[in-house]
Amino acid sequence: MTDDAAAPDLRASDADRERVADVLRDALAEGRLDMEEFGERLDATYRARTYGELAPITRDLPGPGRTGVPAVSLAKDPEAGGDWAGRIVGEGDAGTSTWAVAVMSGFQRKGRWTAPRRFNCFAFWGGGEIDLREARFADREIVINAVAIMGGVDIIVPPGVEVVVRGIGIMGGFDHGEEGVPGEPGAPRVIVTGVAFWGGVGVQRKLPRAQKQLLREERRREKLERKEERRRELDGSLQDHLNLHPVREEREPHPRDDR
């Protein structure tokens with residue numbers, strides 16, 4: 001990208017914005033930005049029209065050719081079991097929360113929280129959401145005991161987690177759709193138990209928000225690449241047409257032509 005200090009008012013191209021977006025994706029993956037900061041900066045990137053607007057977005061982030069980049073790589077070698085090894089905290093952490101109640105209301109457990117070995121929840125004429133996509137786990141196997149009476153509890157797990165459902169439905173039900181999916185090596189196991197009476201306990205498997213954002217950006221980049229490819233093909237076709245059918249200049253009629 002052209003030096004933004006020398007030409008802050010110069011218009012930025014789609015390629016310039018994508019290079020800035022790549023720096024932000026790397027910063028998110030390395031933990032330099034959280035999801036909220038990543039989303040705000042990414043929105044600002046695609047709104048930017050000039051180099052002067054793009055420059056502040058990555059000014060505090062390392063990148064190719066930037067000063068202050070650590071000489072020693074801060075990236076750690078992956079541990080056995082991938083990222084799961086760092087998310088299973090063991091006996092030292094009993095869990096952020098061990099129970100929840102919703103009576104004609106609702107509850108949520110989501111974001112960066114620690115799921116305990118056993119989590120008890122109760123929903124009566126209400127609903128609850130237990131989101132494990134960004135959670136840490138107190139053990140490799142946790143139990144969620146859900147009681148739903150004329151209410152519902154939704155449990156969201158990330159890909160790679162094994163799910164076992166052992167709940168009992170009485171004029172209600174437990175969702176068994178995610179059972180039987182093999183877990184990744186080192187991933188935790190989530191056991192769902194309890195009772196649903198005129199209610200339900202659902203289990204969904206969804207990507208973490210950061211991965212969903214990265215997939216959206218990847219699709220956006222692919223769309224831009226396809227658009228650029230179509231433009232090049234159109235330019236090539238137009239040039240071929242001009243080569244086969246050159247434009248002839250019309251000659252002005254000579255006075256003798258009217259005779």
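What to note about this one:
- Just one of the listed residues (GLY111, GLY128, GLY160) is part of a strand (DSSP E or B) and in the same structural domain as PRO185 (by TED's automatic domain parsing), namely GLY128.
- Residue count for segment 7-43, restricted to those that are more than 14 Å from ARG216 (Cβ to Cβ) and within 17 Å of the chain's Cα centre (by Cα): 14
- Taken over segment 32-49, the criterion of being touching a residue at least 60 places away in the same chain (Cβ under 8 Å) and more than 18 Å from GLU134 (Cβ to Cβ) is satisfied by LEU42 alone.
- Residue match in segment 149-163 (condition: farther than 19 Å from VAL203 by Cβ, at pLDDT 95 or above and surrounded by fewer than 16 Cβ atoms within 10 Å (Cβ to Cβ)): yes
- In this structure, ASP34 qualifies as closer than 21 Å to LEU214 by Cβ, in contact with a Leu (Cβ under 9 Å, 6 or more places away or on another chain) and modelled with pLDDT under 85.
- Within segment 52-80, restricting attention to residues that are touching a helix residue (DSSP H, G or I) at 6+ places or on another chain (Cβ under 7 Å) and modelled with pLDDT of 85 or more, the residue that is surrounded by the fewest Cβ atoms within 10 Å (Cβ to Cβ) is LEU61.
The values are calculated or read from the model by the stated rules, or taken from the named source; none is laboratory data. Just so you know, these numbers come straight off a predicted model, no measurement behind them. Don't worry about glycine lacking a Cβ; one is built from the backbone with ideal geometry, like all the others, and counts go over all protein chains shown.
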